[in-house]
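Asks: Got a structure for you, written out below as structure tokens; questions coming shortly.
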Amino acid sequence: MPLQNDRLLRALARQPVDRTPVWMMRQAGRYLPEYREVRGQAGSFMDLCRNAELACEVTMQPLRRYSLDAAILFSDILTIPDAMDLGLYFETGEGPKFRKTVRSAEAVDALQVPNAERDLDYVMNAVRTIRHELADSVPLIGFSGSPWTLATYMIEGGSSKDFRHAKALMYGDPAAMHALLDKLARSVTDYLNAQIRAGAQIVQIFDTWGGVLSTPAYREFSLTYMARIVEGLIREHDGRHVPVILFTKQGGQWLETIADSGADAVGLDWTTELSDARTRVGDRVALQGNLDPNVLFASPQAIRDEVARILASYGSGPGHIFNLGHGVSQFTDPDHVAAFIEALHEFSPRYHG
Ligand code: CP3
């Protein structure tokens, strides 16, 4: 079925578009009052993820408010470690937590690679429900965490500031770390392929914590496994190429090597200037980003100025997908998001055609 709006797929293929396509990381979430209402109805965050109708509803909410060029599956990156029986739970105001941690070779050995179709069937049900609801209006993005990023949560038992347990394992027992990353890479490949079969038309890998590694450690413990996943993905489905976006937060210094991973696009946070990034990657990949989400706390005029600056930094021609440099904050005013999207639609056509 042809898509009514294929701007994002065209930009990912670096083909001409009439205006710069846009979506927002974490576009469905707590900054929207209608999300908080459905979230309350669902009970817990994981109950919301497990209910295909409600997950579909919150996926659609940002698309009703703003003219976005894609939907993103409502789920979480921590569904894989949850399916590995680590006991994921969310405590209000405290972020994700695991009842069990993985801090030794023995603990890594005990982990089972989940079967995505069976153990994560609720995610595939959500994908199918959302695709039905979208009715080919815009493409649906599926996603996963990167092996390294998932490993940090599994080893630390939740969020961390210094990643000391993860780094202790990485430096102290690299073989155990590689065994863990290998299991995660196999899990992520199977999980993303199941999402693609269920109807995800684009996939993004979130490497939220790749940027805390040294250059050689990034290559050895994060990028290698993401490249392996890209190699194992279904790249053609329903007669269409399935593009892959790699987003390493704080990964700008490694842009050239990320561009060589086999991905179609590289996501950038706001610390990398798009004009420099474009010179560095040439026409190897499309670039996605990179408005600092905290710009949305400034006035609508300041937001407009920053949108204009970022468009000018990328410059004319195809291959740019507008996004935030990281997820939208729960404290964001939805009207400021509207100002951002409106400014983009007003300014971006002059960079095309
Ligand atoms: O982008 C979207 O709209 C799709 C949904 C989505 C969520 N999480 C929903 C969510 C996506 C793509 C994610 C990815 C995710 N989850 C990442 C990678 C992206 C990033 O932000 O770096 C990470 C690191 C996580 C792990 C996670 N999940 C954390 C740290 C938290 C709690 C803190 C927070 O920022 O909310 C979650 C919970 C979570 N995932 C919420 C949402 C809407 C909030 C939970 C709630 O409603 O109570």
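The values are calculated or read from the model by the stated rules, or taken from the named source; none is laboratory data. What you see is a predicted model; the values in this text were computed from it and never measured. Positions of Cβ are backbone-derived with ideal geometry, glycine not excepted, and every protein chain shown enters the neighbour counts. Only protein heavy atoms, including side chains, enter the accessible area calculation; ligands, DNA and RNA are left aside. Shrake-Rupley method; radii C 1.70, N 1.55, O 1.52, S 1.80 Å.
Asks: State yes or no: is GLU53 assigned to a helix (DSSP H, G or I), in contact (Cβ under 8 Å) with a residue 12 or more places away in the chain and within 16 Å of the ligand (Cβ to nearest atom)?
Replies: Answer is no for this residue.
Asks: Let me ask something else about it. Within region 189-225, can you find the residues that are on the phi < 0 side of the Ramachandran plot and outside any helix (DSSP H, G or I)?
Replies: Listed by number, the residues that qualify are ALA200, GLN201, ILE202, VAL203, GLN204, ILE205, PHE206, ASP207, THR208, TRP209, LEU213, SER214.
Asks: Quick check on my filter: what residues within region 314-347 are touching a strand residue (DSSP E or B) at 6+ places or on another chain (Cβ under 7 Å) and either part of a loop (DSSP other than H, G, I, E, B) or under 19 Å from ALA277 (Cα atoms) (or both)?
Replies: Passing the criteria: TYR314, GLY319, HIS320, ILE321, PHE322, ASN323, LEU324, GLY325.
Asks: List every residue pair whose Cβ atoms sit under 9 Å apart, with the two residues 6 or more apart in sequence or on different chains, where the first one lies in region 22-44 and is over 23 Å from VAL138 (Cα atoms) and the second, anywhere, is more than 7 Å from the ligand (Cβ to nearest atom) and hydroxyl-bearing (Ser, Thr, Tyr).
Replies: SER44/TYR89
Asks: Could you pull out the residue among ASP283, ASP269 that is at pLDDT below 95 and within 22 Å of GLU256 (Cβ to Cβ)?
Replies: From the options ASP283, ASP269, the qualifying one is ASP283.
Asks: Hey, among ARG26, ARG7, which residue is under 21 Å from the mean Cα position of the chain (by Cα) and over 30 Å from ILE155 (Cβ atoms)?
Replies: Just a single option satisfies the conditions, and that option is ARG7.
Asks: Can you tell me which residues in region 199-220 are more than 12 Å from the ligand (Cβ to nearest atom), of a type in the set (Val, Ile, Thr) and open to solvent by less than 20 Å² (accessible area, probe 1.4 Å)?
Replies: ILE202
Asks: Here are GLY319, GLY267, GLY289, GLY262: which of them is within 25 Å of MET226 (Cβ to Cβ), open to solvent by 20 Å² or more (accessible area, probe 1.4 Å) and not charged (D, E, K, R)?
Replies: Of the residues listed, the single one that is within 25 Å of MET226 (Cβ to Cβ), open to solvent by 20 Å² or more (accessible area, probe 1.4 Å) and not charged (D, E, K, R) is GLY262.
Asks: Could you go through region 21-33 and let me know if any residue there is hydrophobic (A, V, I, L, M, F, W, C), farther than 29 Å from ARG103 by Cβ and open to solvent by 20 Å² or more (accessible area, probe 1.4 Å).
Replies: Among the residues of region 21-33, not one is hydrophobic (A, V, I, L, M, F, W, C), farther than 29 Å from ARG103 by Cβ and open to solvent by 20 Å² or more (accessible area, probe 1.4 Å), which makes the answer no.
Asks: Moving on. Tell me which residues, restricted to region 10-27, are out of contact with any strand residue (DSSP E or B) (no Cβ under 7 Å at 6 or more places or on another chain) and closer than 21 Å to SER75 by Cβ.
Replies: ARG26
Asks: Out of region 226-257, which residues are within 16 Å of the ligand (Cβ to nearest atom) and either farther than 15 Å from GLY145 by Cβ or at pLDDT below 95 (or both)?
Replies: Result: GLN250, GLY252.
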